[in-house]
Amino acid sequence: DLVLIMSVNPGFGGQKFIDGVLPKIADARKRIAATGRDIMLEVDGGVKADNIAKVAAAGADTFVAGSAIYGAKDYAAAISQMRAQLA
């Protein structure tokens with residue numbers, strides 16, 4: 001099972017992460033935990049190396065990072081930077 005939270009206005013890539021979504025992520029994580037089920041919490045939209053740690057701290061465990069990766073010159077470096085922020 002998976003819950004997806006959009007952190008941009010759906011429709012096109014490259015948008016800025018909406019910080020107001022962070023409390024919704026935290027609330028969703030609490031609700032998921034209350035079920036006792038193993039449910040992934042995915043966040044899609046504006047996730048980049050400079051904000052992935054706060055998205056994870058809010059409770060997300062799965063991330064969609066389209067333009068942050070595909071807009072970079074070095075895909076592997078972009079992914080490594082994001083993973084480093086999660087370590």
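What angle, in degrees between 0 and 90 and rounded to the nearest 10, separates the Cα long axis of helix 75-86 from the longest principal axis of the Cα atoms of the chain?
Its long axis makes an angle of about 40 degrees.
Can you bin region 1-43 into rounded, prolate or oblate? Criterion: square roots of the alpha carbon gyration tensor eigenvalues sorted a ≥ b ≥ c, rounded for a/c under 1.5, prolate for a/b above b/c, oblate for the rest.
Working: a/c = 4.24, a/b = 1.98, b/c = 2.14.
Oblate shape, in that a/c is at least 1.5 and b/c is the bigger or equal ratio.
Over the C-alpha atoms of the chain, what are the Rg and the largest Cα-to-Cα span, Dmax, in Å?
Using the Cα atoms of the chain, the pair Rg, Dmax is 12.9, 42 Å.
Subtracting the Cα-Cα distance from 0.36 nm times the residue separation, let me have the gained length for F12 to D38 in nm, one decimal.
Details: separation 26, 0.36 × 26 = 9.36 nm, distance 3.04 nm.
So the extension gain works out to 6.3 nm.
Counting only C-alpha contacts under 8 Å and six or more residues apart, can you give the relative contact order of the chain as a whole percent?
That works out to 31 percent.
Loop only by DSSP, 11 or fewer other Cβ within 10 Å of the Cβ. Give me the chymotrypsin sites (Phe, Trp or Tyr not before Pro) in region 1-68 that pass, ordered by residue number.
Numbers: sites: F12, F17, F63; in loops: F12, F17.
Filter output for region 1-68: F12.
Considering only protein heavy atoms, what per residue accessible area in square angstrom results for region 19-80 with a 1.4 angstrom probe?
Working: 3530 Å² over 62 residues.
Counting only protein heavy atoms, the per-residue value for region 19-80 is 57 Å².
The values are calculated or read from the model by the stated rules, or taken from the named source; none is laboratory data. Model, not experiment: these values are computed from the prediction. Positions of Cβ are backbone-derived with ideal geometry, glycine not excepted, and every protein chain shown enters the neighbour counts. Protein only, heavy atoms only, side chains kept; ligands, DNA and RNA dropped before computing areas. Shrake-Rupley method; radii C 1.70, N 1.55, O 1.52, S 1.80 Å.
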